[in-house]
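Student: Okay, here's the structure, questions in a sec.
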Amino acid sequence: MRHLHDPEAARRSPSRRAVLRAAGAAALVAAPVPAAAPAVAGETGAGEEAAYDDIVIGAGYAGITAARELRARGRRVLVLEARDRVGGRTRTESFAGHRVEMGGTWVEAAQPHIGAELERYGIGLTEEVPVDRVLLPTPDGPREFTPDDAFGRVGAVLEKLFDGSRTYFERPFEPLHREDLLRSLDRLSLRDRLSQLGLTAEEELLVNGQTSIYSGGSSASGAFTMLAHWWALAGWDNEGWNNTQRWRMAPGTGGLLSAMLAEAKPVLRLNSPVASVTDTGSRVYVALRSGGGYAAARVIVAVPVNLWSTIRFSPALPASHTAVAAQGIGVPTALKLYIHARGGAGRFHAQGAEGAAPIPMVLPFEETPQGFLYVAFSTDPDLDPSDPARVTDAVRRLGAELDVIEVRAHDWGKDPYARGGWAFRKPGQLTSLYPEVLAASGRVAFASGDLAEGWSGFLDGAVESGLRAARQTLGQE
């Protein structure tokens with residue numbers, strides 16, 4: 001979800017525009033995805049079983065990063081993907097004449113892992129369109145603000161919310177460096193933290209729509225330390241905070257993933273959901289739901305944490321992994337929408353108060369010949385995005401009127417191979433599960449954007465986790 005755009009930050013960020021210029025026009029065309037071998041049903045022969053050093057389960061950013069690193073060291077790698085496509089919780093599509101991202105979207109060249117990937121493959125960035133008006137909730141209902149005024153008001157409350165984060169997240173990529181300070185803070189939900197601050201009703205309304213949707217619909221569900229960690233990673237200020245969701249890849253997320261696959265050249269089998277992973281101590285056997293399976297010296301499980309409970313592990317997972325599998329990390333009701341509307345509503349940003357609207361955030365995306373394309377988010381399980389009248393009413397509650405032409409949406413919570421959208425830790429998960437949950441278990445390592453020491457929930461975190469799992473598999477950690 002994108003934050004309020006800071007016009008001043010736009011004038012202070014030549015480095016990001018330099019990334020776009022350096023990539024050149026070639027970056028605007030995504031490299032083709034290597035052809036995938038068909039899914040295999042039935043028993044696997046001895047030759048096939050012996051053909052792989054490593055198996056990676058999941059072809060999202062974490063899995064493909066791990067596969068590439070292993071292939072670079074001469075390993076024979078098989079990637080098993082449950083879907084009929086690669087990308088995991090990213091998916092680039094065409095809608096209303098534009099390239100849209102139905103899942104993970106925003107990157108920042110200053111994020112170290114994804115920034116290195118952008119540079120490695122010459123991937124350019126596209127800046128999000130600036131807004132010309134902002135609709136925010138007030139005690140008297142939605143009210144229109146100028147972007148500068150809105151940014152200033154929201155930023156002032158966020159500064160209060162994260163006051164002290166320079167101390168307890170002194171080293172953001174070592175989140176437990178000040179575990180002594182974090183233990184009490186990690187027990188707090190975002191609701192707890194908001195209540196601590198004694199905000200006025202007007203101040204709280206400026207931010208509780210954000211804290212609730214990040215958490216999955218209620219500020220009481222998400223950990224305060226999760227949002228504070230992102231704030232620290234962004235540089236402990238509102239300019240960095242806004243930059244984290246200001247840029248997207250010019251060829252789409254599929255463009256970078258295609259380039260990574262083209263370099264790695266693993267054996268890729270789609271339509272291959274996994275039923276079980278059995279570690280014998282000398283080999284690891286992976287059984288498919290369709291029957292048959294594969295074996296290798298080591299396995300990397302690179303699927304969302306919310307899916308771990310759908311796979312039988314033998315021996316059972318360690319305590320930390322079992323706990324996080326039961327608790328989950330990905331927001332289970334995450335819904336992303338693109339709304340194509342007629343007319344002149346223009347480049348507005350609308351944000352709702354917690355619990356007041358089924359769509360609490362709408363942002364401008366791109367202009368079309370018919371009007372405008374907007375991106376929106378919801379965690380309301382009762383919202384039917386296929387009903388234009390429901391979508392129109394939901395946006396109206398934010399103070400905006402749209403003449404909806406068509407809606408394109410993806411419900412990540414109902415997606416059987418995601419069971420949730422963006423990662424957001426629950427209270428206590430950071431200090432009770434880390435760092436143990438990042439470790440390998442026997443011959444099985446784990447990679448997911450849900451599990452990062454840095455940008456958990458971002459593509460940077462997915463790449464970080466893939467690199468870590470590859471090192472563990474190679475015996476370097």
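Student: If each of GLU202 and SER386 carries a label point 7 Å out from its Cα toward its Cβ, how far apart are those two points in nm?
Tutor: Between GLU202 and SER386, the simple spin-label model gives 4.5 nm.
Student: Just how much of GLU174 is accessible, in Å², when a 1.4 Å probe is used and the result is rounded to the nearest 10?
Tutor: Only protein atoms counted, so the area is about 90 Å².
Student: Put PHE372, PHE173 in order of accessible area, largest first, 1.4 Å probe: what do you get?
Tutor: PHE173, PHE372
Student: Another question, if that's okay. Using a 1.4 angstrom probe on the protein heavy atoms only, could you order TYR121, TYR61 from most to least accessible area? List each step's numbers first, then the result.
Tutor: Working: TYR121 50, TYR61 10 Å².
Largest to smallest exposure gives the sequence TYR121, TYR61.
Student: Cα centroid distance between region 80-108 and region 244-281, in Å?
Tutor: 11
Student: Which loop-located GluC sites (Glu not before Pro) does region 336-404 contain, where loop means any DSSP state but H, G, I, E or B and the Cβ has at most 14 other Cβ atoms within 10 Å?
Tutor: GLU401
Student: While we're here: State the extension gain, in nm to one decimal, for the chain segment bounded by ALA356 and ARG166, taking 0.36 nm per residue of separation less the distance between their alpha-carbons. Before the final figure, lay out each step's value.
Tutor: Values: separation 190, 0.36 × 190 = 68.40 nm, distance 3.28 nm.
The ALA356-ARG166 span can extend by a further 65.1 nm.
Student: Along region 212-217, what does the Karplus equation 6.51 cos²θ - 1.76 cosθ + 1.60 (θ = phi - 60°) give for ³J(HN,Hα), rounded to whole Hz, x for Gly and Pro?
Tutor: For region 212-217, the Karplus curve yields 6, 6, 4, 6, x, x Hz.
Student: Keeping all protein chains in place and using 1.4 angstrom, which order do LYS336, LYS265 fall into by accessible surface area, from largest down?
Tutor: The ordering from most to least exposed comes out as LYS265, LYS336.
Student: Ok, one more. Which residues' amide hydrogens lie under 5 Å from the amide hydrogen of GLU453, considering only partners 5 or more residues apart or on another chain, with H built in the peptide plane?
Tutor: Placed amide hydrogens put nothing under 5 Å from GLU453.
Student: What list of ³J(HN,Hα) couplings, whole Hz, do you get for region 62-73 from phi and the Karplus terms 6.51, -1.76, 1.60, once you set θ to phi - 60° and write x for glycine and proline?
Tutor: 5, x, 6, 4, 4, 4, 4, 5, 5, 5, 5, 9
Student: A further question follows. Return the long-range amide H neighbours of ARG85 (sequence gap of 5 or more, or a different chain), with a cut-off of under 5 Å between placed amide H atoms.
Tutor: ASN271
Student: OK, next. Just how far, in whole angstrom, is region 118-139 from region 206-238 if you go by their alpha carbon centroids?
Tutor: 18
Student: Same structure again: Using alpha-carbon positions, what is the distance between the centroids of region 292-319 and region 401-423, in Å?
Tutor: 27
Student: Continuing with this model, one more query. Find, among the trypsin sites (Lys or Arg not before Pro) in region 258-318, those assigned to loop by DSSP (not H, G, I, E, B) with at most 15 other beta-carbon atoms within 10 angstrom.
Tutor: On the way: sites: ARG269, ARG283, ARG289, ARG298, ARG312; in loops: ARG283, ARG289.
Those satisfying the criteria are ARG283, ARG289.
Student: Need the full-extension length gain, LYS414 to HIS98, defined as separation in residues times 0.36 nm minus the C-alpha distance. One decimal, nm. Walk me through the intermediate numbers first.
Tutor: On the way: separation 316, 0.36 × 316 = 113.76 nm, distance 2.51 nm.
Gain in length upon complete extension: 111.2 nm.
Student: Further, regarding this structure: Report ³J(HN,Hα) in whole Hz for each residue of region 231-236, in order, from the Karplus equation J = 6.51 cos²θ - 1.76 cosθ + 1.60 where θ = phi - 60°; Gly and Pro get x.
Tutor: Per-residue couplings from phi come out as 4, 5, 4, 7, x, 6 Hz.
Student: Whose amide H sits under 5 Å from the amide H of LEU268, counting only residues 5 or more places off or on another chain, with H placed in the peptide plane?
Tutor: For LEU268, the qualifying residues are ALA37, VAL79.
Student: State whether region 44-114 is rounded, prolate or oblate according to the following rule on the C-alpha gyration tensor (a ≥ b ≥ c being the square roots of its eigenvalues): a/c under 1.5 gives rounded; otherwise a/b larger than b/c gives prolate, and the remaining case gives oblate.
Tutor: Details: a/c = 3.87, a/b = 1.72, b/c = 2.25.
Note, shape of region 44-114 comes out oblate.
The values are calculated or read from the model by the stated rules, or taken from the named source; none is laboratory data. None of the values given here were measured: they were computed from a predicted structure. FYI the Cβ positions are ideal-geometry reconstructions off the backbone, even for glycines, and counts take in every protein chain you see. Quick note on the areas: whole protein, heavy atoms, side chains included, nothing else; ligands and nucleic acids left out. Shrake-Rupley method; radii C 1.70, N 1.55, O 1.52, S 1.80 Å.
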